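Here the structure comes first, spelled out in structure tokens, and everything after it is commentary.
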Amino acid sequence: MISWWKGAALALVAAAGLAAPRAAHATDIELFFPVPVDGALARNMSGLIKEFNDSHPDIKAVPVFTGSYDDTLLKTRAAIKAGKPPAAVIMSANFLTDLSIEREIAPMDDLIAKDGKSPEAFMAQFFPALLPNAVIDRKVYGVPFHNSTPLLYINADHFKEAGLDPDTPPRTWAELYDAARKLTKREGDRTTRWGLMMPSNYDYGGWILEALTMSNGGRYYNEDYGGEVYYDTPTMLGALTFWSDLVHKAKVHPAGEQKGPAVTGAFLAGQASMMIISTGSLTFIRDTAKFPFKVAFVPMNVRQAVPIGGASLV
């Protein structure tokens, strides 16, 4: 539906052109690539790189898997300081503004023009919601590559067992709270099945809290000035209180830090009936789950709204 790989290929070709003059022999370029979500992302990326290299015999792109988004940023900056920057990086969109201010990434407008397009026509290939992840000061600094939003996953068998309709997932916070209470199982003081789990580790937890804040009608930060974060607004405090109540009052969500892989692991093992986690985990859940499951929008309190996550090719 979206020719994102063509855009990525353009960026890789451009990177090769920036890295070295075109020569008869292959120009080697490094592509730093994080693997921050579940699934066979690394294997799929290797296949795409092979496809690119086969169709561009004068360029050899070498994928370098760099771990988390933060690890990728650190390794990229270390490579820049060492005078051996990668030609291209799949970089968390959260970092693009800072990288552009520091002149560590280059705008692609001139390269897009050489391909016969305007920046506006190039970005029209993508959903409009992805533009803020790629366009800074009206210049294209990134190609949307693997973007995501939070998503509600439910175990259909657990829903039926609890007298809930899996074809009618919770739409509101009140419905989510009620469903989680009905789905939670206990044996004495021990919880054997959680009604709901959400990752709270850095930096997953901030993204989930942002989703809850937005669905509570608020904003996590000032979109026009990223240094202004709204930690003390009623909408954010309300979102944090709702999450806290799930843990401490309803006792339907485990306390303490919950890492992303542990949340998906609990869901797949039947130890959690619902989870809110990235759309990037959907393929992994689809390929791995031994039970019927459903997905739905993140339940709302005031409005349906979630943040865009993921990365752009820079």
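The values are calculated or read from the model by the stated rules, or taken from the named source; none is laboratory data. For clarity, every value in this text was computed on a predicted model and none was experimentally measured. All Cβ positions, glycine included, derive from the backbone under ideal geometry; neighbour counts span all protein chains shown. To get the accessible areas, we keep the full protein, side chains included, count just its heavy atoms, and leave off ligands, DNA and RNA. Shrake-Rupley method; radii C 1.70, N 1.55, O 1.52, S 1.80 Å.
Neighbours of PRO169, meaning other residues whose beta-carbon lies under 15 angstrom from its beta-carbon, give a summed charge of -1 when Lys and Arg score +1 and Asp and Glu score -1. Packing, as the average of other Cβ atoms within 10 Å across residues, places the peptides 193-204, 43-54 in the order 193-204, 43-54, highest first. For semi-axes √(5λ) of the Cα gyration tensor in Å, the listed values are (1) 40, 21, 17; (2) 35, 28, 22; (3) 58, 24, 16; which was obtained by calculation from the structure presented? Recomputing semi-axes √(5λ) of the Cα gyration tensor in Å here gives the entry labelled (1). Cross-link partners of LYS294 among aspartates and glutamates, defined as those whose alpha carbon lies under 17 angstrom from its own and excluding same-chain residues fewer than eight positions apart: ASP157, GLU161, ASP165, ASP167, GLU175. Per-peptide packing, taken as the mean over residues of other Cβ atoms within 10 Å, places 273-279, 59-65 in the sequence 273-279, 59-65 from highest down.
Taking a straight Cα-Cα cut-off under 22 Å and skipping sequence neighbours fewer than 8 places away in the same chain, the lysines within cross-link reach of LYS249 are LYS182, LYS185, LYS259.
Take every Cα pair under 8 Å whose residues are at least 6 apart in sequence, average their separation, divide by the length of the chain, and the relative contact order is 24 percent.
Looking at the stretch 195-314, the accessible area is 45 square angstrom per residue; that uses a 1.4 Å probe and ignores ligands, DNA and RNA. Potential lengthening of the chain between VAL295 and GLU228 amounts to 20.8 nm, from the contour at 0.36 nm per residue minus the alpha-carbon distance. Label-to-label distance, ARG186 versus ARG138, with points set 7 angstrom from Cα along the beta-carbon direction: 6.0 nm. Highest mean packing comes first when the peptides 66-74, 208-216 are listed by Cβ atoms within 10 Å, giving 208-216, 66-74. Is the shape of the stretch 198-261 best called rounded, prolate or oblate, per the rule: a/c under 1.5 gives rounded, else a/b larger than b/c gives prolate, else oblate, with a ≥ b ≥ c the square roots of the Cα gyration tensor eigenvalues? Taking the square roots of the gyration eigenvalues as a ≥ b ≥ c, the stretch 198-261 is oblate.
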